[in-house]
Amino acid sequence: MSAILEIKNITMKFGELLANEDVSFSIGKTEIVSLIGPNGAGKTTLFNCITGFYRPFSGKVEYENSSGERCDITGKSSDVICRMGITRTFQIVKTLNEMTVEQNVMTGAFLHTNRTAVARDESARVLEMTGLWGKKDVLGRNLTIVDRKRVEIARALATKPRMLMLDECMAGLNQTEIKEVMKLLLDLKTEGLTLLIVEHIMEAIMPISDKVVVLNAGKKIAEGKAQDIAANEEVIKAYLGEKYHAKIKKH
């Protein structure tokens, strides 16, 4: 499988603090790749380096665009990267509180059109896909946490991405809501989307991931299939813990 994104030796520093150190991995087209690790491991920093919010200290991010050309997107602005087809959500949900759900999603659609009718049609398509159509007229400030997260995903999808990056989209959800999000992510993969996901809920993310990359203290300590990562002694010690490992073995 050819790679849609290659992270090559990314290092990011804030003064003397080394947030990412020589991180490399690739993401194949239509793969679900999960980026896991303890708090402070550098996961969101890496997201910010990929999507243009930070310019890395060193290393490169290469992306295969819709024409099949390989592009160096390192340090390009976030809006340029979004127009090229890489869209992200944020750990802290940023719903537009005084706008309706439909209007929130339309803001994403306006990336590719200046026509309200076209943006509304695109919004309708995405709202149906994400289960939000029945709440399209609800103001952002009146939404539950799960619906805020759905709106965040829907707004990102309205930009028509080829690759969607989700930063803790399941945090704070109950088991039923988590299963709904898992199904949505698998449906998006089936529709041809590539996903890079930061998540702490291992029971949700491990079953749907094609590959898992583990960061600890800014460094990549493991990469591979979920079952191999779950059995990796260094990962168990740094992050998963014996309790999770025992539960996986039991199943």
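Here are some notes:
- Cβ-Cβ under 8 Å pairs, at least 6 apart or on other chains, the stretch 58-82 side over 18 Å from HIS112 (Cα atoms) and free of Cβ contacts under 8 Å to residues at least 24 places away in the same chain, far side part of a strand (DSSP E or B) and aromatic (Phe, Trp, Tyr): ARG70/TYR63; CYS71/TYR63; ILE73/TYR63
- In the stretch 1-15, the residues that are charged (D, E, K, R) form Cβ pairs under 8 Å with partners that are at pLDDT 95 or above and not in a strand (DSSP E or B), at six or more places apart or across chains, as follows: LYS13/PHE57.
- 3 or more residues at pLDDT 95 or above and crowded, with 18+ Cβ neighbours inside 10 Å: qualifying strands (runs of 3 or more DSSP E) within the stretch 1-83: 3-14, 17-28, 32-36, 58-64
- Sole residue being under 30 Å from LYS8 (Cα atoms) and in the same structural domain as MET12 (by TED's automatic domain parsing), chosen from GLU152, GLU64: GLU64
- Applying the criterion of being in a loop (DSSP other than H, G, I, E, B) and acidic (Asp, Glu) to the residues of the stretch 113-171, the residue that is surrounded by the most Cβ atoms within 10 Å (Cβ to Cβ) is GLU168.
- For LYS94, the stated conditions hold: it is touching a residue at least 24 places away in the same chain (Cβ under 8 Å) and exposed (fewer than 15 other Cβ atoms within 10 Å of the Cβ).
- A single member of ILE178, ILE205 is touching a Ser or Thr at 6+ places or on another chain (Cβ under 8 Å), within 30 Å of VAL105 (Cβ to Cβ) and not assigned by TED's automatic domain parsing to the domain that holds THR113, and it is ILE205.
The values are calculated or read from the model by the stated rules, or taken from the named source; none is laboratory data. Just so we're clear, the structure is a prediction, and the values are computed from it rather than from any experiment. Here the Cβ is made from the backbone with ideal geometry for all residues, glycine too, and neighbour counts use every protein chain on show.
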